[in-house]
1. Among 3-12, 164-173, 132-141, how do they line up from the highest to the lowest mean number of other beta-carbon atoms within 10 Å?
2. Just to compare against my own numbers: the Cα pair-distance distribution for the stretch 27-99, 5 Å bins, whole % per bin, please.
3. Once amide H atoms are placed 1.01 Å from N in the peptide plane, what residues at a sequence separation of 5 or more from residue 106, or on another chain, have their amide H within under 5 Å of its amide H?
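Rule-based calculations on the coordinates, nothing more; no lab input. Note that this is a predicted model, so its numbers are computed, not measured. No Cβ is skipped: glycine too gets one built from the backbone with ideal geometry, and neighbour counts run over all protein chains shown.
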Amino acid sequence: GERIGATKDGPLTVYGASTPSGTGGGARSHAYWPTADILIMSPQAERAQAALDQLVGAKGVTTDAVLMSYVRRVRTDAAFWMAGPLPAAMQAQMAGLGPDVPALQGFFITVDGTAGADRAAHPSSPVVRVQLGLRLASDDEAEAAADAFRDQRPDLARVLPDPRAAAIVNRLEVTGSGSDVVLRVTLTAAEIAMLVDMTAGTSAPPRSGSTP
């Protein structure tokens, strides 16, 4: 069988499959470990090694004012978070969709477990709190987008095939802060499983009289 081996290539680590005799032959992936607990990979780059070489010795994200304006909107101690501006080409593509489509500049998301009142309300089911933020081109666009979502939320909930999903939409907290629109919701493990099944097309609405 094949085993995954790791070799050093300058500051990068190269992972690849090898046979019991130690010979290679499988796909190889380059990775950069700036610290012992941070791994950086570039799987979609045409030349991953060259893309990672540009990061070696680069200054930290704290020197990037634009990126940090997104990072400061998340909890970096959460189980999962992502934040940053969209690439310029994607921003231009979004802007070209027409005046009725908000010009999305970037996003930030935090996903983590909860404690306290949320956990006390669902003692038999783990609870996950999700925050999704969307940064638009201006404060006015963000305010308009938040108002539009609040106004259209009842209609969106009504067209969803599963009443459990509709209940999640109805309790979404929508707030605006400057040019950011922020959506917050708390989900139980059962709700997360339902949403995953719905995305995969395998979810069926609960029968009358059954529990969600």
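1. Highest to lowest by the protection proxy: 132-141, 164-173, 3-12.
2. Result, from short to long distances: 3, 12, 15, 20, 23, 15, 7, 4, 1, 0 percent.
3. Amide H to amide H, under 5 Å and 5 or more residues apart or across chains, residue 106 pairs with 86, 135.
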